[in-house]
Structure formats: structure tokens, C-alpha cells
1. Quick check on my filter: what residues within the range 132-146 are at pLDDT below 75 and surrounded by 12 or more Cβ atoms within 10 Å (Cβ to Cβ)?
2. Among the residues of the range 1-42, what is the count of those that are more than 19 Å from residue 87 (Cα to Cα), part of a loop (DSSP other than H, G, I, E, B) and at pLDDT 95 or above?
3. Regarding the range 198-208, can at least one residue be identified that is under 16 Å from residue 234 (Cα atoms) and free of Cβ contacts under 8 Å to residues at least 60 places away in the same chain?
4. Is it true that some residue in the range 191-211 is in contact with a helix residue (DSSP H, G or I) (Cβ under 9 Å, 6 or more places away or on another chain), surrounded by fewer than 14 Cβ atoms within 10 Å (Cβ to Cβ) and at pLDDT below 95?
5. Hand me the list of strands (runs of 3 or more DSSP E) wholly inside the range 60-154 holding 2 or more residues that are within 12 Å of residue 13 (Cβ to Cβ).
6. Quick one: residue 92 ticks every box in (1) closer than 25 Å to residue 168 by Cβ; (2) free of Cβ contacts under 8 Å to residues at least 60 places away in the same chain; (3) touching a strand residue (DSSP E or B) at 6+ places or on another chain (Cβ under 7 Å) bar one, so which box is it?
7. Could you check the range 45-77 and list, in sequence order, the residues that are on the phi > 0 side of the Ramachandran plot and at pLDDT below 95?
8. Tell me whether the range 5-19 contains one or more residues that are more than 19 Å from residue 110 (Cα to Cα) and without any contact (Cβ under 8 Å) to a residue 40 or more places away in the chain.
């Protein structure tokens, strides 16, 4: 697929030290998209991983070179910085990203695209959790963050921090240019800014299934403190209209 040719959909896969999931996840994403009539591209971005993930990205590019563009950051840009890079590089009328571990499966991508085709500007996953005591702390942190975010930022969105968001590209670009955070808070920032700008948003319920073999990177004290600080800073600097 030539780089100058537009397409229907661009899917961004941002990865950082997550090589073990990449090849299987790319194959699953492509299997889903091959069942649609969409002309698509995959943009896999390695955010300066410190392990063998870049080599895995290159193997994926060799195997799926007809649809896959590989991008390598020299320095770590963070979650928001990496996804923003992908959105700006995208050629699709619609653009989206999903977390590489596919804890929310790629099977929901067609529903996201259909929502955009039906007139929404943003379509995201609203994560529905299966009961699992082994990851109870993650679930409680997520639910607590949702409640705090709605209270402090005065919005009605159910799940701003989900790693499964799809956009009408031309309509999200002006919002993207306003975003300041380049880390994990970017997910909340772009959703709240999009809502305040009047973009039409739909949240689609999607089953969230934990990967038991995946080690959690959550540091409760550090991560909770960081999110609260960023929520307060965003509230102070961009008060609700």
C-alpha cells in the first residue's frame, strides 16, 4: 500500500517493552480487519524500548509490509506522545489505537468504525470487567479514577482512560493540538477536550479480560498521586465552561 494513497482506517499500535505480545496481537488485529471491506493500515510505533521489542517490530514489518508501517522513536515520548505521533502520520479518514495486549479484543474495531460512519466523531471502549480477585486492585483503581475524574472535571463520560479510542481524524486533529500531556493522562485530556469542543462521542461497552501472564506495572502510591496531581492541574488550567 503506497504511502501517498489514503485509506479508510489507520490503526495505531504503540509499544514499549512489550515485544512478547506484538506479533500475535498484530496478527489478530489484521485477521479482524480482513473480514471487513475497509482499506486499512497499521502503524506500529516503538517508543524507544530498552529490550528486543524493536527487532520484533521489524519482523512484523517484514511479514505484514503490505499494510504495516513501522516507526521507531529515538527517545521515549510517552503514551500520549506516541499515539499523537501515530494520529498525525495516519492516512485514514478514521484513526484509532488499542492497547497491544488486547485485554479489550480487536473484534470490537468494526463497531467503533461503524459508529464513526454513523456520524460520531469519537468512539471509545467502555470497559466491562469480568470478576477477578487477582486484579481487584486494578479494577478498584480504575473505578475510583473514573468517579474522581467526573467529579473534578464535571463531565459525563464513563471511561476516559480506556486504551481503545477511535476518531474521525480531521475532527480530532484540532483537539490533538490542544493536548499538553504526553503520558497516560493524555487519554483523559483528549476525551474531556473533545467533549467540551462539542464533538459527538459514543462509548461502546466492551469486555475487558485480564492477561494473567502479564505482570502489572501499577505502583499504587506513585500512579495514584500522579493522576490526582494531573487532574487538579487540568481542572485549574482549563476550567469547565
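The values are calculated or read from the model by the stated rules, or taken from the named source; none is laboratory data. Bear in mind the structure is a predicted one, so any value in this text is a computation, not a measurement. Backbone-built Cβ (ideal geometry, glycine too); neighbour counts: all protein chains shown.
1. 132, 135, 137, 138, 139 - these are the residues of the range 132-146 that are at pLDDT below 75 and surrounded by 12 or more Cβ atoms within 10 Å (Cβ to Cβ).
2. Number of matching residues: 3.
3. no
4. Scanning the range 191-211 turns up at least one residue that is in contact with a helix residue (DSSP H, G or I) (Cβ under 9 Å, 6 or more places away or on another chain), surrounded by fewer than 14 Cβ atoms within 10 Å (Cβ to Cβ) and at pLDDT below 95.
5. 68-72, 92-98
6. Just one mismatch for residue 92, condition (2).
7. The answer is none; no residue qualifies.
8. Within the range 5-19, one or more residues are more than 19 Å from residue 110 (Cα to Cα) and without any contact (Cβ under 8 Å) to a residue 40 or more places away in the chain.
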